[in-house]
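The values are calculated or read from the model by the stated rules, or taken from the named source; none is laboratory data. Small disclaimer: the values here were computed from a predicted structure and weren't measured. Cβ sites come from the backbone with ideal geometry, for glycine too, and all protein chains shown count toward neighbours. The accessibility values were calculated without ligands, DNA or RNA, using every heavy atom of the protein model including side chains. Shrake-Rupley method; radii C 1.70, N 1.55, O 1.52, S 1.80 Å.
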Amino acid sequence: MSRTRSWVSDHLAMIIAVAVLVYLFLPVLYTFVFSFNNYRRSNITWNPEGSPTLKHWANPCGAPGVCPALVESIKIGALATLVATILGTLIAFALVRYVFRGRSSTNVLVFLPMATPEVVLGASLLTIFIQGFRMDLGFWTVVIAHIMFCISFVVVTVKARLQSLDPRLEEAASDLYANPRTTFLRITFPLALPGIVAAALLSFSLSFDDFIITNFVSGNETTFPKFVYVSYTRGIPAQANVIGFSMFLIAVLCVIAAQIIGSRRRGVAA
Amino acid sequence: MATNTREAHGDLVLENVTKEFADFTAVDDLSLVVPRGSFFALLGPSGCGKTTTLRMVAGLEQPTGGRVLIGETDITGTRPHERPVNTVFQSYALFPHLTVRENVAFGPKRRKAADAMRLADDALELVQLSHLAARKPGQLSGGQQQRVALARAVVNQPEVLLLDEPLGALDLKLRRQMQVELKRIQSEVGLTFIHVTHDQEEAMTMADTVAVMNRGRIEQMGPPERLYDLPQTAFVANFVGQSNLGVGRIHGTDGDFIVAEVSDTKVRIPKQRSEIHDGQVMFGVRPEKVRIHESQPVGTGNDVRAVVTDVSFTGVATQYLVTVPSGANWTVYEQNLDVEPISLRPGDDVWLSWDPTHAFGVPVDEDGRKAALAEDGA
Amino acid sequence: MTTAFAASAREAGDPQLTPPRRGGRRRGWTPYLLLVPGLLWLTLFFIVPLVQLGSASLQSQWPGAPGYYYRDVNVGNYVDALSSYGVHFLRSLAYAGLATVLCFVIAFPLAYAMAFKAGRWRNVMLILVVAPFFTSFILRTIAWRQILADDAPLARTLNALHLLPGGHITETWVAVVAGLTYNFLPFMVLPIYTSLERADPRLLEAGRDLYADRLTTLRTVTIPLAAPGILAGTLLTFIPAAGDYVNAELLGSDTSTKMVGNVINSQFFTVLGGYPTAAALSISLMILILVLVLGYVRRFGTEEVL
Ligand SMILES: Nc1ncnc2c1ncn2[C@@H]1O[C@H](COP(=O)(O)OP(=O)(O)OP(=O)(O)O)[C@@H](O)[C@H]1O
Ligand SMILES: [Mg+2]
């Protein structure tokens, strides 16, 4: 009897886990299914009359505005990622590698944006852009805002990586005649790189998926999430589902590829 | 400037080197000379400042006082990469993203050696790892990693090679093997080796000179035989081998001997073998120099009553633990030269004697006082 | 994505955060040079805007000129905002709190299974947890609207069984909380997973040895091991959930389920003259959350969260 009980409790966690994963995928499945919906006016309900269609997949830019919004999102994401990764990585290096006055205030300043709700970030940025800096809302205000909230996540990610590095490796390099510049280029940077790449990917996905802050500071600029949100009342074109699901596929394939390459690199015994 | 110091050669000299951390003096006014090409061992208990000393020689730590020189060149204040010194780190510190060969070639490349890869291959041959050159460090066993670390340092033919407990992580067999290997490499390449260890046997068997460190200071330095035969402090007497100690007061002299009274017994110490010539002295004699007798021996003039507390037979020798009148526990090694069976049992009264020319006298300090009382040989 | 959550879990949990390197490092200007660009950015686009928002929250409206304001110290904005929208505040906290608890209840077994039971499926499961979040979150929330809709199987079944009192799931607080729970779940799973994964499974065995029964082991060994992750996870779930308005907008009703985020949003964009009120609400929300977070961290956590 204790055997059956232990079987159940051993597998209980796994059973719940699988159920949770199904739950996590349910909306993705819906998004996927509705990308084949042969709907007339609104893609909210399944049209039982039309048979499933591939036409949205064949013509993903078919709905007006969807592809321009996607392009804007990619441009914003790329720019924000580039700048935030550089700025955040520099901060992370300073925090991990140096002892200086003001270090704990820096830590607080980096932590605060993560502890601030997005509406507050959006509202304050909108206020400063309009009342303070008198900037026109649009592409650049969105980029500025995205860089701001990505920096903290970059700092945290890169910092964790740097902290897990053995400082003795750098000492060994300088012991082996590498000057500080070479030590950084040959040892520190290559070893920190996985953390920096992870930070960049994180930044991109945060920026790409952001809606709340973007909605505050974008003016007439339309990003992909904003496009979806705005067209919700009028009916979202199935092309949005096609694009949304493709992003998911691309991301999953990238992660899997990275995993495979990573485990190859690390070698057998590592 | 950089190339200048990097080409320095000669003996390694530390002059009054001190290292203070915020609230702690890790190395305290340490001076020593390591002759070029010698194998020097730094021996001492954990936390006594061995690693800190090495780091100051390597340039990874700057002394708060004193100077470090190689030959005539003062290298104090120069950066690690400007010194002709390489380190085999306590934890290897191999670069995980480079192959074994690239790890070894790292130093030669930085020095712009034209044939860095060939040098690396030669060094790998020296440590018998040529067949693993293409692997990453993560794919090696602990002993193999250690040998890569060694090759990576030796390949540079530095003036001084620092080894920080390079054999610490190895099992006994591999350890012995690597000791022989290290010694071979040192005599082949003729570099100055500074080898840190807290294994006294390792230090004794490998080094030309051994320095015993304690609490940031060097207690004694010299050839291993001398360190063993004539310790200059109670700490050394106990850290290098074992000693039977007793605290006494000097009463006078008798020819070439000092006469001291240790718990109502008069003992003699050769004048040249005592650091102290009047007042309190700590008397010592090595366990294998002591004879054990069932009745008072005649003619030695140097004997003590004792009670046996433990007898253990170890094959070629028998080890006795005895309690002497001062209350200290002494150890006696008796070679099993006679065919007679051992007749002593715990509780038996015995007499101890020794040739007074083997005794030594060191200053009385806290370490020694404790050792004299707690000496148990266990 | 994984790494940052993992990292924030570390932040919360690692007692040996930033050990100053052996012997420290050269002081001097280098660290400041590294910091300047990033901190300047954060100052210009985080601190300064907050200050401006704070001052906006005290502005007064020109009489007879709606939409035009002058600098003032009009604390009345706060009184108005909190008296009119206090209920939205409470609702936000309640929904976010409930969603956080639900997230924990769902996330813990998943993280536990991933850390201890999944074996070689571990990485696959990790990918599966993160993967859904690459579909736009607006799209997924809309998908929930479809899943919970009145004519969809779930609501129909419940209705047929007379288990749905109001007849709807959407347009109720249940839908809003469900949406929040779903959207912030990985923020709970990943930190807990990271702290469990770093724990030694032998500890659990030792626990089982000592206590025999699993519940006691869970309470006395497993949960304390996961504590840093739970701390990070609850913060990463609660904070964005309390400020969210998209779920309430898309899943909730027009009246009874609005959260403070909705009010801020609409006061900013649709109510003429709502600007100071919106600012006052934002500042209040920020302060409230900071106070809660600090209290919570003081009570349960280590200082390393900061
Ligand atoms: N950065 C530092 N700050 C403060 N104290 C330190 C620092 N580095 C070392 N110490 C202290 O200095 C003393 C000597 O340390 P060191 O590493 O040299 O010991 P060791 O002789 O190499 O010991 P072991 O045999 O255990 O390696 C120790 O007490 C240590 O705690
Ligand atoms: Mg050491």
What does the charge count near residue C:52 come to, summing +1 for each Lys or Arg and -1 for each Asp or Glu among other residues with Cβ under 13 Å from its Cβ? +2
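Leaving ligands, DNA and RNA out of it, rank A:67, C:103, A:61 by accessible area with a 1.4 Å probe, largest first.
Numbers: A:67 20, C:103 0, A:61 75 Å².
Ranked from most to least accessible, the order is A:61, A:67, C:103.
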Protection proxy ranking, peptides C:154-161, C:136-143, A:128-135, average beta carbon neighbours within 10 Å, highest first: C:136-143, A:128-135, C:154-161
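In Å² (nearest 100), what accessible area is buried between C and A, both sides summed, heavy protein atoms only, 1.4 Å probe?
Numbers: alone 18150 and 17390 Å², together 26730 Å².
In total, chains C and A hide about 8800 Å² from solvent.
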Taking amide hydrogens as modeled 1.01 Å from N in the peptide plane, which residues meet the under 5 Å criterion relative to residue B:19, leaving out close sequence neighbours? B:26, B:27, B:28, B:29, B:64
What shape does the range B:242-374 have by the C-alpha gyration tensor, where a ≥ b ≥ c are the square roots of the eigenvalues, rounded means a/c under 1.5, and otherwise prolate means a/b greater than b/c and oblate the rest? prolate
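Could you provide, to the nearest whole Å², the per residue accessible area of the protein assembly as shown with probe 1.4 Å?
Values: 41630 Å² over 954 residues.
Accessible area per residue, the protein assembly as shown: 44 Å².
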If contacts are Cα pairs under 8 angstrom and at least 6 residues apart, what is the relative contact order of the range B:81-145 in percent? 39 percent
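Using square roots of five times the C-alpha gyration tensor eigenvalues, list the equivalent-ellipsoid semi-axes of the range A:11-88 in whole Å, biggest first.
Values: eigenvalues 182, 156, 13 Å².
Three semi-axes, in Å: 30, 28, 8.
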Long-range HN-HN contacts of residue B:258 with modeled amide H, under 5 Å: B:269, B:271
Is the shape of chain B best called rounded, prolate or oblate, per the rule: a/c under 1.5 gives rounded, else a/b larger than b/c gives prolate, else oblate, with a ≥ b ≥ c the square roots of the Cα gyration tensor eigenvalues? prolate
For the range B:195-200, Karplus-derived ³J(HN,Hα) couplings (6.51, -1.76, 1.60; θ = phi - 60°; whole Hz; x for glycine and proline) come out as 10, 9, 7, 10, 9, 5
Approximate spin-label separation residue A:259-residue B:296, in nm, with each point projected 7 Å along Cα-to-Cβ: 8.7 nm
Might you report the magnitude of the Cβ-based charge dipole of the protein assembly as shown about its Cα centre, with Lys and Arg at +1 and Asp and Glu at -1, to the nearest 20 debye? 3560 debye
Quote the accessible area belonging to residue A:256 in square angstrom, nearest 10, computed with a 1.4 Å probe and with ligands, DNA and RNA left uncounted. 70 Å²
Just checking the output field for A:105-112: average partner chain Cβ neighbours within 10 Å of each residue's Cβ? 5
Whole-number D in µm²/s for the range A:64-236 (Stokes-Einstein; Kirkwood sum over Cα pairs; 37 °C, 0.692 mPa s): 186 µm²/s
Taking the Cα atoms of the protein assembly as shown, what is the range of coordinates along each of the three principal axes, in descending order and whole Å? 121, 75, 62
Would you tell me the mean number of C-beta atoms belonging to other protein chains that fall within 10 Å of each C-beta in A:43-53, as a whole number? 1
Quick calc: nm separation of the 7 Å Cα→Cβ label points for residue A:44 and residue A:71 -> 3.1 nm
Picking from B:71, C:215, B:43, whose Cα lies most toward the positive end of the charge dipole for the protein assembly as shown (charges on Cβ: Lys, Arg +1; Asp, Glu -1)? C:215
Farthest positive-ward along the range A:1-101 dipole, Cα basis, beta-carbon charges - from A:61, A:12, A:35: A:12
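What number do you get for the range C:86-300 when its Cα radius of gyration is normalised by 2.2 N^0.38 Å, N = residues?
Numbers: Rg = 19.8 Å, N = 215, 2.2 N^0.38 = 16.9 Å.
Dividing the Cα Rg of the range C:86-300 by 2.2 N^0.38 Å gives 1.17.
Taking 0.36 nm per residue of separation and subtracting the Cα-Cα distance, what length does fully extending residue C:216 through residue C:291 add? Mind dumping the intermediate values first?
On the way: separation 75, 0.36 × 75 = 27.00 nm, distance 3.31 nm.
Between residue C:216 and residue C:291, full extension yields an extra 23.7 nm.
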The distance between the Cα centres of the range A:45-81 and the range B:227-256, in whole Å, is 90 Å
In degrees between 0 and 90, to the nearest 10, how far off the longest principal axis of chain B does helix B:142-154 point, with axes built from Cα atoms? 70 degrees
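Return the subset of B:19/B:136; B:136/B:183; C:117/C:258 for which the Cα-Cα distance in this structure is over 30 Å, preserving the input order.
Numbers: B:19/B:136 36 Å; B:136/B:183 27 Å; C:117/C:258 41 Å.
Where the Cα-Cα span goes over 30 Å, the pairs concerned are B:19/B:136; C:117/C:258.
Place the peptides B:218-224, A:102-108 in order of packing, highest mean first, counting for every residue the other Cβ atoms within 10 Å and averaging per peptide.
Details: B:218-224: 19.6, A:102-108: 14.0.
So the peptides B:218-224, A:102-108, ranked by packing, come out B:218-224, A:102-108.
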HN-Hα couplings for the range A:118-126 via Karplus (6.51, -1.76, 1.60; θ = phi - 60°), in whole Hz with x for Gly/Pro, come out as 4, 4, 5, 4, x, 4, 5, 5, 4
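Looking at the protein assembly as shown, send over the antiparallel percent of its DSSP beta bridges, to the nearest 5.
Here the antiparallel bridges make up roughly 75 percent for the protein assembly as shown.
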For the range C:130-246, I need the span (max minus min coordinate) of the C-alpha atoms along each principal axis, in Å, sorted largest to smallest. 52, 33, 24
Among B:287, B:255, B:321 - extreme Cα towards positive end, dipole of the range B:242-374, charges at beta-carbon: B:255
At a threshold of 8 angstrom on Cα-Cα distance, excluding pairs fewer than six apart, so keeping six or more, what relative contact order does chain C reach in percent? 31 percent
If you take each beta carbon of peptide C:108-114 and count the beta carbons of other chains within 10 angstrom, what is the mean? 6
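If contacts are Cα pairs under 8 angstrom and at least 6 residues apart, what is the relative contact order of chain B in percent? Let's see the in-between values first.
Working: 837 pairs, mean separation 56.8, N = 378.
Across chain B, relative contact order equals 15 percent.
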Answer in debye to the nearest 20: the dipole magnitude of the range C:81-213 about its Cα centre, from +1 Lys/Arg and -1 Asp/Glu charges placed on Cβ, is 260 debye
Cys in chain A lacking any partner Cβ under 4.7 Å -> A:150, A:254
